[in-house]
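Here is the structure we will look at.
Quick note: the coordinates plus some simple rules give every number you see, no bench work behind them. Treat the numbers as computed from the prediction; the structure is a model and nothing was measured. As a convention, Cβ positions derive from the backbone with ideal geometry for all residues, glycine included, and neighbour counts pool all protein chains shown.
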Amino acid sequence: MTNNKCELNVSKVKTKSDELSKISKKPFIPVRYVIVSLGTIATGLVFCLRVNLSVAIIAMVNNTAINEREALVRNTNDSTITVLDLRTTDQCIPSSTENVNRSSIIEHRHIKEGSLIWNQATQGVVLGAYYYGYSATQIISGRLAEKFGGRFLCGIGTFGAALATLLTPLASQNLALIIIARIAIGVFHGTVYTSLYVMMAFWFPKKEKATALSFITVGGNLGAALTMPLCSFLIEKYNWQSVFYVTGSICFIWLALWMYYARSTPNEHPYISTYELNQIKSDQDFFKSKKNVSAPWKSILTAPTIWAIAAAKSCGMFGYYTLSTKLPAYLESVLNVSIEKNGIINSLTYVAVSISLTLCGPLTDYLKYKYNFSLTLMRKVFETIGKKLR
């Protein structure tokens, strides 16, 4: 009886030691790679819900009614109309004749016209409303992620934005409501990037951080590149309302995966191996320090370097967001590009940015650790190149 108990205890010890040895081995797919993959999808969804309106608005508005309100009719009869479009002076209209049939204009543009009579100024307000909310929550949400963890904050941001997106078709019937809905989407999205940046700081060793952050940034542009043609397809196949229902619903699928698998820090994750945990901790300064350091806000806000970086990024983002927000409407209203081609052409911009970001992140890590280039020098060089090429 005693021998059987001893054998049983020995077998239990062996089993536990086997489990420990397995968890201490180098994992085939590190947990941090799954985390950054989910984070990349999250930023893709941010851009997805951001740019979907830029395409959908083409089919939401009634261009014929807008033209009738804002255009000066010079010569009319039963079947023809001459239009001077006051929205733009260089609109490309079929050049065969000055007097063109109204139905031929609509057919030429391949647009399913909506019921909303929003002129260009109103459309600009609706499209720009997102960014008021987006810029309002980024700084405070970064601090909240540091104190309470990025996992939950990122999840809340995605959930709130997805819910507001699903309500957008209903809200669009009232101008004030859709502006509020777009501001709300921006407010929630302001928490996503900042919480992910905080999480990547915990999850990745120093030598992998630039690569991880480049993937997070690539995700947004890749998401936009996929969203543009998807929205065009949904409008052509179904209606503009389906754009918001489909893109909003996708977010809830991601949210379930995120809340199940993601954790704010490596220490909290139930599936991480000892090998990977030690690998991360060995190259992280804040894991080695026990001190709770407060942020030097006065020094930050009075540092010329901070304001120089903010100015550079603001100028770059102004051009980038203006282009991405208004390009679909420009292609439709000025160049009369069909909505199907519109989505494809717009996606090319994001594909190009995604390729550039994918290459620049690993290149930064390589130059820093292979040739000991300073991080400041590389940031200045890459930022300058990026601004010049724009």
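Can you compute the FRET efficiency between SER338 and ILE180 using 1/(1 + (r/R0)^6), with r the Cβ-Cβ distance and R0 = 35 Å? Round to the nearest 0.05. With a Förster radius of 35 Å, E is 0.65. Ranked for footprinting exposure by Cβ neighbours inside 10 Å, fewest first, ILE185, ILE235, ILE139 give ILE139, ILE235, ILE185.
Sorting 164-177, 301-314 by average packing, meaning the other beta carbons within 10 Å per residue, from highest down gives 164-177, 301-314. Phi angles of the stretch 313-326 translate, via the Karplus equation with coefficients 6.51, -1.76, 1.60 and θ = phi - 60°, into HN-Hα couplings of 5, 5, 5, x, 5, 4, x, 5, 6, 4, 4, 5, 7, 9 Hz per residue; Gly and Pro are given as x. In terms of other Cβ atoms within 10 Å, MET60, MET200 run from fewest to most in the order MET200, MET60. With neighbours defined as other Cβ atoms within 10 Å of a residue's Cβ, the residues VAL51, VAL34, VAL218 order from fewest to most as VAL34, VAL218, VAL51.
Toward the positive end of the charge dipole of the stretch 207-296, with +1 on the Cβ of Lys and Arg and -1 on the Cβ of Asp and Glu, the farthest Cα among PRO266, ALA295, LEU255 is that of ALA295.
Phi angles of the stretch 173-187 translate, via the Karplus equation with coefficients 6.51, -1.76, 1.60 and θ = phi - 60°, into HN-Hα couplings of 6, 10, 4, 5, 5, 6, 5, 4, 4, 5, 4, 4, 4, x, 4 Hz per residue; Gly and Pro are given as x.
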